[in-house]
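In what follows, a single structure is set out as structure tokens and then discussed.
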Amino acid sequence: MANNSATRRNREIDEMVIALKRHLRVLEEYGRKVYSDGNADYAGEIAGKLRLLVTKFGSNRPLLIELMKKTGIEPLVTLGGPPIIQAPGKPTAGDKINLSEYMNLDAVGIRIESGEFVMLNKNQFVRAWAEQTGASHEDWRMDHALSAILSSPIYIGGVHGALRELKDTTETVLHIAHRFIGE
């Protein structure tokens, strides 16, 4: 009976890996559309794929993180570059952290209409962008923080700051996912 359980578990993992590879191909295609072709409309779709793969909230079980838990294979992210402001107890350049910790790092901050400064971590940023700009087809409303972030005039290396953050997060997730599946 233990052998049947192991066989079922292996089959489940194999099916999850096949699904992961399919989602990675689509994520890479969306990335080309945004960053090579300049079609920013696909940014919400990128966020939607990231939400599916790595964003933990509520009862959601993100595919890549679940696979890493089930297999015990968990490539680490090495953080680069110095932080703008050293936050006590937060990982810094050169630290190795897991993907869940990476997704909890600060992503973007903005001062909203009320004058309040709002900081979103990577999970919150991906989730808000996915849900509020079309990937989840819930784009009937955008909250003030994300609206302010997406309409801000902040550009980094010629790319809008929000798109730059999404690109950096996407590249990190793709790197980890490809290391996980041995590519």
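Which order do Met119, Met103 take by accessible area at a 1.4 Å probe, largest first?
Working: Met119 85, Met103 0 Å².
Greatest to least solvent exposure: Met119, Met103.
So how much accessible area does Glu15 have, in Å² to the nearest 10, using a 1.4 Å probe?
In the full protein context, Glu15 sits at about 110 Å².
So, R0 is 22 Å and r is the distance between the beta-carbons of Glu171 and Glu29; what FRET efficiency does that work out to, to 0.05?
Working: r = 15 Å, r/R0 = 0.66.
That gives a FRET efficiency of 0.90.
Please arrange Thr78, Thr55 by accessible surface area, largest first, computed with a 1.4 Å probe and ligands excluded. Walk me through the numbers before you get to the answer.
Working: Thr78 80, Thr55 0 Å².
Ranked from most to least accessible, the order is Thr78, Thr55.
How big is the gap, in Å, between the Cα center of segment 104-120 and the Cα center of segment 1-65?
Measuring centre to centre over Cα atoms gives 27 Å.
So if we plug the beta-carbon distance of Arg111 and His178 into 1/(1 + (r/R0)^6) with R0 = 41 Å, what FRET efficiency do we get, rounded to 0.05? Write down the numbers at each step before the final one.
Details: r = 37 Å, r/R0 = 0.90.
The calculated FRET efficiency here is 0.65.
Quick check for me: using +1 on Lys/Arg Cβ and -1 on Asp/Glu Cβ, what's the dipole size of segment 1-85 about its Cα centre, in debye to the nearest 20? Could the numbers behind the result be given before it?
Details: 14 positive and 10 negative charges, 65 e Å.
For this selection, approximately 320 debye.
Using a 1.4 Å probe and ignoring any ligands, DNA or RNA, find the accessible area of Leu63 and quote it in Å² to the nearest 10.
30
Please compute the modelled spin-label separation between Met119 and Ser5, points set 7 Å along Cα→Cβ, answer in nm with one decimal.
In this crude spin-label approximation the distance works out to 4.4 nm.
Taking K and R as +1 and D and E as -1, what net charge do the other residues with C-beta under 13 Å from the C-beta of Glu101 add up to? Display every interim value, and only then the final one.
Working: positive: Lys56, Lys90, Lys96, Lys122; negative: Glu74, Asp95, Asp106.
Residues near Glu101 contribute +1 overall.
Roughly speaking, what is the stretch gain from Ile154 to Leu76, that is 0.36 nm per residue apart minus the C-alpha to C-alpha distance, in nm to one decimal?
Taking 0.36 nm per residue and subtracting the Cα distance, the gain is 25.1 nm.
The values are calculated or read from the model by the stated rules, or taken from the named source; none is laboratory data. Computed from a predicted structure; not experimentally measured. When we count neighbours, we look across all protein chains shown, and the Cβ atoms used for this are built from the backbone with ideal geometry, even at glycine. Just the protein is used for accessible areas: all its heavy atoms, side chains included, with ligands, DNA and RNA removed. Shrake-Rupley method; radii C 1.70, N 1.55, O 1.52, S 1.80 Å.
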